[in-house]
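K.L.:
Take a look at the following structure, please.
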Amino acid sequence: MSAPSERILIVDFGSQVTQLIARRIRETGVYCEIVPYNKAGDIFESFAPKAVVLSGGPASVTHAGTPRAPQKIFEAGIPVLGICYGQQAMCAQLGGKVESSDYREFGRAFVDVKEPCALFEGVWQVGGREQVWMSHGDRVTELPPGFRVVGASESAPFAIIADDARRFYGVMFHPEVVHTPHGADLLRNFVHTVAGCGGDWNMAAFRDQEIAKIREQVGDGRVICGLSGGVDSAVTAVLVHEAIGDQLTCVFVDTGMLRAEEGEQVVGLFRDHFNIPLVHSKAADTFLGKLKGVDDPEKKRKIIGATFIDVFEAEAKKIGGADFLAQGTLYPDVIESVSFDGGPSVTIKSHHNVGGLPERMNMRLVEPLRELFKDEVRVLGRELGLPEAFVGRHPFPGPGLAIRVPGEITEEKLEILRKADAIYLEEIRNAGLYDAIWQAFAVLLPVRTVGVMGDGRTYDHVCALRAVTSTDGMTADYYPFDHEFLGRTATRIINEVKGINRVVYDVTSKPPGTIEWE
């Protein structure tokens with residue numbers, strides 16, 4: 001399949017929510033790609049976008065040497081939308097002025113709509129006040145020639161600007177985040193009303209496009225794909241198999257840290273349902289041996305990642321070697337590990353090889369889901385024919401129960417947690433809440449408490465329950481269970497799982513840019 005004819009280019013200046021721009025645009029049925037600002041000039045002409053979006057970013061336009069957009073973008077005669085830093089860069093490059101300000105805006109703010117504009121036609125009314133999400137310290141103090149002010153906030157007199165003749169627009173807030181209630185509608189207006197895109201791109205088109213990319217990348221090479229038991233690796237495997245057939249061999253590494261019965265489910269799905277070549281590597285003893293005596297969570301992640309690589313190398317040799325390693329890296333994995341290509345890197349999700357594989361592995365990565373969010377992966381999974389019970393499964397990280405057991409990991413602790421976790425999920429399903437929750441899991445806390453059960457004292461573990469709602473994994477809020485549910489679930493866990501005498505519920509939220517408690 002050829003690339004979509006209607007395409008939007010997103011120039012990334014390093015914002016942690018740049019991918020949300022792509023997500024919102026794709027939701028309108030238009031294909032888009034993200035490219036780092038320092039590579040945008042090289043691909044601009046060949047990509048031939050119908051419009052360009054300039055993302056936000058952490059830098060200050062007022063400082064020398066900070067990122068700028070390729071000047072050719074402003075000379076191409078196509079619409080451009082600058083968001084936050086993108087607006088400031090556009091103004092600075094087109095003859096306006098940007099200065100540091102003592103009046104910063106971070107979080108919820110309100111914009112007064114001053115004049116009509118194609119960007120918010122049919123969404124906002126002139127004279128109205130609209131809630132938005134701000135995140136800026138600098139502000140525009142002088143507009144470039146041709147621009148007019150169409151919206152202002154308390155600390156940003158040029159909060160929304162427009163050059164109607166050139167179809168250039170700039171906003172100092174983030175329309176891509178859910179905290180700007182009508183932000184998605186503004187992006188839809190830009191893509192459809194301003195840029196004139198029709199909107200015929202969908203996940204079926206993405207599937208065809210990625211299959212073509214995989215075939216081009218792999219050629220006649222062999223691919224090994226690691227199955228973890230989660231949705232991401234499963235969708236990756238089925239997509240790659242559809243592209244190259246038996247050139248793919250899946251390796252399911254049973255770490256001994258999976259949830260109850262997950263190993264059997266994975267083997268049954270891929271061997272029986274999809275007939276995909278599968279190696280089942282039972283490596284629980286190896287992983288537990290490597291983790292013995294280790295209680296630091298980051299060390300555990302690194303040990304698990306390194307052991308995965310060792311197991312893969314061994315299995316790859318057994319099957320005659322492989323040229324590529326396919327893995328289910330998603331965009332939240334990337335964005336939380338590398339802010340943008342060529343920019344500062346902060347390693348957070350160290351169990352993903354987001355920066356590449358060790359040279360000694362002599363394999364290249366195939367990552368067809370790298371630009372997708374979890375819910376988009378689920379849509380793709382349905383498109384590929386994966387069973388709904390598997391597609392709708394809550395996210396489960398590669399290290400599995402290892403990061404749900406703070407402190408040293410033992411087989412006894414894993415078995416206690418596995419039983420408690422199974423009861424928790426069973427109660428959620430029984431209550432009809434599984435699909436309303438984005439992720440739920442139990443944690444065996446590294447503390448023990450004295451309790452009385454029957455006529456005797458106990459000195460056992462504390463189990464924490466966690467459940468959150470989310471759309472994309474970038475932000476999350478705890479699920480508000482009622483007391484009856486929590487009481488029923490806690491009673492079952494304490495009565496049925498030997499080794500636990502107390503259950504607590506975690507109500508921590510995950511605002512933008514933070515790491516979920518593990």
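K.L.:
Roughly to the nearest percent, how much of the accessible area of the range 115-168 is carbon and sulfur, given a 1.4 Å probe?
P.N.:
The value for the range 115-168 is 46 percent carbon and sulfur by accessible area.
K.L.:
Further question: Give the residues of the range 185-218 whose amide nitrogen is closer than 15 Å to a point set 7 Å from the Cα of residue 5 in the direction of its Cβ.
P.N.:
Backbone N within reach: 196-201.
K.L.:
Report, by chain and number, residues whose modeled amide H sits under 5 Å from the one on residue 500, excluding near sequence neighbours (fewer than 5 apart, same chain).
P.N.:
Residues meeting the criterion, in which the H sits 1.01 Å from N, are 461.
K.L.:
Using a Förster radius of 60 Å, what is the FRET efficiency between residue 192 and residue 508 based on their Cβ-Cβ separation? Nearest 0.05, please.
P.N.:
Efficiency at R0 = 60 Å is approximately 0.95.
K.L.:
Same structure, new question: In whole Å, largest first, what are the principal axis extents of the Cα atoms in the chain?
P.N.:
Principal extents (Cα only, largest first): 79, 59, 41 Å.
K.L.:
Given the peptides 461-468, 492-499, 315-322, arrange them by the average over their residues of other C-beta atoms within 10 Å, most packed first.
P.N.:
Ranked from most to least packed, the peptides come out as 461-468, 492-499, 315-322.
K.L.:
Short version: ³J(HN,Hα) in whole Hz for each residue of the range 299-314, in order, from phi by Karplus 6.51 cos²θ - 1.76 cosθ + 1.60 (θ = phi - 60°), x for Gly and Pro, what are they?
P.N.:
Listing the rounded values in order: 5, 4, 4, 5, 5, 4, x, 5, 5, 4, 4, 4, 5, 4, 4, 5 Hz.
K.L.:
What is the set of long-range amide H partners of residue 32 at a cut-off below 5 Å, with H atoms built 1.01 Å from backbone N?
P.N.:
8
K.L.:
When you count, for each residue, the other Cβ atoms within 10 Å and take the mean per peptide, how do 261-273, 47-59 rank with the highest first?
P.N.:
Listed from highest to lowest mean packing, they are 47-59, 261-273.
K.L.:
OK, next. Through the Karplus equation 6.51 cos²θ - 1.76 cosθ + 1.60, θ set to phi - 60°, convert the phi angles of the range 30-47 into ³J(HN,Hα) values in whole Hz; use x for Gly and Pro.
P.N.:
For the range 30-47, the Karplus-derived couplings read 10, 6, 8, 9, 9, 9, x, 4, 7, 10, 4, x, 6, 9, 4, 5, 6, 6 Hz, x marking Gly and Pro.
K.L.:
Give me a comma-separated list of calculated 3J(HN,Hα) values for the range 162-177, in order, Karplus coefficients 6.51, -1.76, 1.60 applied at θ = phi - 60°, integers in Hz, x for any Gly or Pro.
P.N.:
Once rounded to whole Hz, the list reads 8, 10, 5, 5, 8, 6, 9, 9, x, 10, 8, 10, 9, x, 6, 8.
K.L.:
Considering only DSSP beta bridges whose two residues both sit in the chain, what percent are antiparallel, to the nearest 5?
P.N.:
Counting DSSP beta bridges with both partners in the chain, the antiparallel share is about 50 percent.
K.L.:
Please find the FRET efficiency linking residue 118 to residue 449, where r is the Cβ-Cβ separation and R0 is fixed at 56 Å, and quote it to the nearest 0.05. Kindly include the intermediate steps, with their values, before the conclusion.
P.N.:
Values: r = 62 Å, r/R0 = 1.11.
So, using R0 = 56 Å, E works out to roughly 0.35.
K.L.:
Determine the percent antiparallel among the DSSP beta bridges restricted to the range 1-138, to the nearest 5.
P.N.:
Restricted to the range 1-138, the bridges split so that about 40 percent are antiparallel.
The values are calculated or read from the model by the stated rules, or taken from the named source; none is laboratory data. Note that the coordinates shown come from a computational prediction; the quantities given were computed from them, not determined experimentally. For neighbour counting, all protein chains shown are included, and Cβ atoms are generated from backbone atoms with ideal geometry for every residue, glycine included. Accessible surface areas use protein heavy atoms only, side chains included; no ligands, DNA or RNA. Shrake-Rupley method; radii C 1.70, N 1.55, O 1.52, S 1.80 Å.
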